[in-house]
1. Are there any pairs, at least 6 apart or on different chains, whose C-beta atoms fall under 7 Å, with the first in the stretch 346-371 and farther than 16 Å from residue 406 by Cβ and the second loosely packed, with under 15 Cβ neighbours inside 10 Å and modelled with pLDDT of 75 or more, and if so, which?
2. Being outside the structural domain of residue 358 (by TED's automatic domain parsing), assigned to a helix (DSSP H, G or I) and surrounded by fewer than 18 Cβ atoms within 10 Å (Cβ to Cβ): is that true of residue 257 here?
3. Given the criterion exposed (fewer than 14 other Cβ atoms within 10 Å of the Cβ) and closer than 22 Å to residue 182 by Cβ, identify the matching residue among 347, 355.
4. Look through the stretch 234-254, keep the residues that are under 22 Å from residue 217 (Cβ atoms) and in a loop (DSSP other than H, G, I, E, B), and return whichever of them is modelled with the lowest pLDDT.
5. Does residue 161 fit the bill of being crowded, with 16+ Cβ neighbours inside 10 Å and in a helix (DSSP H, G or I)?
6. Tell me which of these residue 229 doesn't satisfy, since it passes every other one: (1) modelled with pLDDT of 90 or more; (2) at positive phi.
7. Which residues, counting only those in the stretch 321-351, are assigned to a helix (DSSP H, G or I), under 14 Å from residue 267 (Cα atoms) and over 24 Å from the mean Cα position of the chain (by Cα)?
8. So which helices (runs of 4 or more DSSP H) stay within the stretch 43-146 end to end and still have 2 or more residues that are at pLDDT below 90 and over 21 Å from residue 169 (Cβ atoms)?
């Protein structure tokens, strides 16, 4: 039977040999292959087919029908494309590795073979339930949800799926792990004990400024203005995993970090901070300035004593170094902190809890919330633009006076 003409792009509406009617709707071109995509419908009458075509056309215009090719892109294939493209452009090196690990270890084994446009909220619910049953913490499950949600958001924006199904899955956000703050007397005991050792300034920066470990170990002299009492935070000392450098056809058989030809690993300075608020200008209390001045004199003496053995590799200009100029390893820094707490006779708390101690003591001293955030680098949209992009002398004076009274005069 001759086909009945419809509007251009709708395709022909025709009757098949079995008496049924058939038609199609043009959905545009596949974004990957460039091939034109059509969706076909069947009905008992020409009018029924036309009504279905009209409904499909309306859904397509409303964005409820995707233009994904008929082969069916799987979730695993899309995650690989997303990680290699959009995610790589938006994420830092460390987060790229973290996202790839999440996709590889948690999402792909369970949902990787699912067609992208057929993924259901129920399937995602089962994934999260399985992860919880295997011992993953609620916070880890939420992170998996965040990664999958971002991948599906881009898939939706590009027309691969009609909706982001992760938005139909609700997870209760776990409460953050509460930090254990040292009391003012304990904090002063730690500093008094540290004053007897060469790394005194390191712990003044930790407790007096609430600096993250990577921020403190990555502090450089060029970032400090000790005359005005300011520190422009930005760099972080990080560690990149080693990679094998031996030929693939002649592997050394050792772990990557022990490979004789290992490459692309070790300590390095990351130029951007964890958050935008991490790139901040921090006022230094007088006791912090004094400790850093003493540290500079100490480092000059160590450089002179080490002579030819002094080497500032792979990062130069650091405030905190070994007696021979190299960066301080994070693990050694962590062990030193534990020994210091024992020697000071105070409770064992996490290294990161130095930040919580600083925040708590400053709050108890009545320091305004925005100044506390400025000092420790909390990212709060309510005052980010107003505070970390500008700091005047009076703000610095207020914060410095509060820090001085808490940690020295307390």
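1. 348/338; 351/334
2. When the stated conditions are applied, residue 257 passes them.
3. Working: 355 fails: exposed (fewer than 14 other Cβ atoms within 10 Å of the Cβ).
Going through 347, 355 in turn, just one is exposed (fewer than 14 other Cβ atoms within 10 Å of the Cβ) and closer than 22 Å to residue 182 by Cβ: 347.
4. Narrowing the stretch 234-254 to residues under 22 Å from residue 217 (Cβ atoms): 234-242.
Then keep just the ones that are in a loop (DSSP other than H, G, I, E, B); that gives 234-235, 241-242.
Working: 234: 76, 235: 84, 241: 80, 242: 81.
Here the answer is 234.
5. Criteria not met by residue 161.
6. Failing condition for residue 229: (1).
7. 332
8. In the stretch 43-146, 46-61, 86-90, 93-102 are the helices (runs of 4 or more DSSP H) which contain 2 or more residues that are at pLDDT below 90 and over 21 Å from residue 169 (Cβ atoms).
The values are calculated or read from the model by the stated rules, or taken from the named source; none is laboratory data. Since this is a predicted model, take the numbers as computed values, not measurements. Reconstructed Cβ throughout: ideal geometry from the backbone, glycine too, with neighbour counts over all protein chains shown.
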